[in-house]
Each structure stands twice: as structure tokens, then as C-alpha cells.
Amino acid sequence: MKINYYSDTDSLYIHLSDQPSIDSQEISEGVVLDYDEKGNLVGIDIDNASKKVQLNELILNQLPSNIMKVPA
């Protein structure tokens, strides 16, 4: 999984898979889900992210490898 923040557009993209997206669905204003050819969720695009997401801290819990807190 990869998380990219683009400050010039204030958008956050969460890559859940390396599969290409072939379909998208806006589930709420400025939040779009991307799906692969099998209908699996592969990404989440959030516009105006600084107003919707707490960008200053990322906490990862109960991952198979270890637990880590990553300051932004």
C-alpha cells in the first residue's frame, strides 16, 4: 500500500493495489473509489484532503509485521 499527498491540488491518493483502475465511483463529495477489472478496490482518491483527513499523523496498527507510528 502506498499513500501519496499532492499539496498543489490538496489531494490524497491511497494505493491499495498495483492493479490498474478501470472504473471509479464517487461515494461522497470529493471521495472517489477506484476498482480493477474484477471489481476489487484498488485506490481511494480524496480531494480537499486537508479538510477531510488528519494529515499530520499516520498511525499503523496491528499490521502483520509490526506496529509503527509515522509522523508526517
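The values are calculated or read from the model by the stated rules, or taken from the named source; none is laboratory data. Bear in mind the structure is a predicted one, so any value in this text is a computation, not a measurement. Here the Cβ is made from the backbone with ideal geometry for all residues, glycine too, and neighbour counts use every protein chain on show.
Numbers below:
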| item | result |
| --- | --- |
| Strands (runs of 3 or more DSSP E) fully within region 1-41 counting 2 or more residues that are in contact with an Asp or Glu (Cβ under 9 Å, 6 or more places away or on another chain) and of a type in the set (S, T, Y) | 11-15 |
| Residues of region 42-63 classified as of a type in the set (K, R) and either in a loop (DSSP other than H, G, I, E, B) or exposed (fewer than 14 other Cβ atoms within 10 Å of the Cβ) (or both), total | 1 |
| Complete set of residues in region 6-41 that are surrounded by fewer than 16 Cβ atoms within 10 Å (Cβ to Cβ), touching a residue at least 24 places away in the same chain (Cβ under 8 Å) and hydroxyl-bearing (S, T, Y) | T9, S17 |
| Search result, residues across region 1-50 that are charged (D, E, K, R) and at pLDDT 95 or above | D8, D10, D23, E26, E29, D34, D36, E37, K38, D45, D47 |
